[in-house]
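In what follows, a structure is listed as structure tokens, so that the remarks can point back to it.
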Amino acid sequence: MIQENKQPVLLSLEGGNAQPLSVRAKALVFSDPISATLLEYIERIAPSDAPVLIGGETGTGKELVARHIHLLSGRKGPFLAVNCGAISDQLAESELFGHEAGSFTGAVGKREGWFEAANEGTLFLDEIGDLPLPLQVKLLRVLQEKEVVRIGSRKSIPVNVRLVVATNVDLDYAVSAGHFRRDLLYRINIAQVKLPPLRERPGDVLPLAEHFLKTYSQRMGYRQPQFSAGAVELLLTYSWPGNIRELENVVHFALLVSSGDKIEPAHLKVTGGWNTGTQHQQVPQPVHQPLHSANTQAHTFNHSGFAAQQGPSNGSDNNSDNGSGNSDDPMTAIAKQLRRLFAEQGDSDHFDKLESLIVHEAFAHVRSNQVHGAALLGISRNVMRTLLKRHGLLADAGFTRAGDNSDQEDQLQNLNPSFAG
């Protein structure tokens, strides 16, 4: 139990702890009542061997929670972390399960996979929603049989691994969309940890800010300043769309540009973002128009974003409805606009145009961030990348709708890294 007179529990990747998978949350505190309750829940499920599914937005500290679960589990083996979105489809099976010498081109020696390396410990699979479907089948078998078979071998190797996985997308939606296996979801979703975004646990903001201020002050050899009253107010009222990772960056920058013993609001470079709801320095979102082929009829776009044919209408009863109706529900307005579109234009390539519109608007809304775009649409980042390439938002001259087949996931490895989420 968390006692009020005790210091809040702080998890961090400083000192001797292993480095995180990528540039993400490096500290997590359980000071807010919501966080304190979450810590109690984590402490109850950690000692078991049950797989754990950690959900939450990017930058909320999912990997830190996974490491804490391993620490509390009492397992003697190592904690190993793998980013499923960062390994290529061609090498993913070898990375997870290992291979024998000569099993494929370039396999000059035998190699153990992540499951073998994590034996008696914990294996953390981040961005589990990006795992290719064929590999999901093999992962399910490993979890059921508790053994792995290296590529090029017929001998099974027993493994005792606690699996902890994380995702920032809705896996139930991914199952419905055919991107994730339902039986695998049932297998990994025995114990679930929902990590709330920083805006929903405001009691954690100041302890984290103070931690980062102290850490960077010591690292840079600066005398540690204090947050002014105005800076504290800004820290507490800003909605932190980038969560803990954004907070760390803001504090680091403030320390660089401040002078004296106080950090003022002007030193806190908060930039706003997607769905922040804050009044502080919002950045306007770019607007993209959908792509059209040369033989596509010209359209104008109304406020709901759906195409309306230029020129006279066909007299449908739905033409008098501009999509706003008497309801504030966006889905109701979209449904009305779809009925109008179908009535005015009849048979056409509506699906491609609507898909293009959704992808363009979503990508603009999240300011070209693939991770946020995937979360916004409830799909994996690999699927998001495929859609971006299909609709011309990632350069690939050889990518066409006709070429959209089972090989398109392999093409994702050649994406321009500057667009990476």
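The values are calculated or read from the model by the stated rules, or taken from the named source; none is laboratory data. Quick caveat: nothing in here was measured; it's all calculated off a predicted structure. Cβ coordinates were reconstructed from backbone atoms using ideal geometry, including for glycine residues, and neighbour counts include every protein chain displayed. The protein model used for the area step is the full one, side chains on, heavy atoms only, and it has no ligands, DNA or RNA in it. Shrake-Rupley method; radii C 1.70, N 1.55, O 1.52, S 1.80 Å.
A few notes on this one:
- Whenever a residue of segment 35-47 is farther than 19 Å from residue 201 by Cβ, its partners that are open to solvent by less than 20 Å² (accessible area, probe 1.4 Å) and outside any helix (DSSP H, G or I), lying with C-beta atoms within less than 7 angstrom and at least six residues away or across chains, give the pairs 45/52; 45/191.
- Some residue of segment 119-131 being charged (D, E, K, R) and over 20 Å from residue 174 (Cα atoms): yes
- When residue 366 is tested against (1) touching a residue at least 60 places away in the same chain (Cβ under 8 Å); (2) under 22 Å from residue 133 (Cβ atoms); (3) aliphatic (A, V, I, L, M), just one condition goes unmet, and that condition is (2).
- Members of segment 143-171 found to be more than 16 Å from residue 52 (Cα to Cα) and in a helix (DSSP H, G or I), listed by number: 145
- Cross-chain or 6+ apart pairs with Cβ under 8 Å, segment 115-140 first and over 21 Å from residue 62 (Cα atoms), then in a helix (DSSP H, G or I) and of a type in the set (Lys, Arg): 140/187
- Members of segment 94-142 found to be of a type in the set (D, E, K, R) and over 22 Å from the mean Cα position of the chain (by Cα), listed by number: 100, 110, 111, 112, 116, 120, 138, 141
- Any hit, segment 157-168, residues being at negative phi and at pLDDT below 90: yes
- Residue that is out of contact with any Lys or Arg (no Cβ under 6 Å at 6 or more places or on another chain), more than 27 Å from residue 243 (Cα to Cα), of a type in the set (D, E, K, R) and buried (at least 20 other Cβ atoms within 10 Å of the Cβ), where the choices are 67, 150, 154, 111: 150
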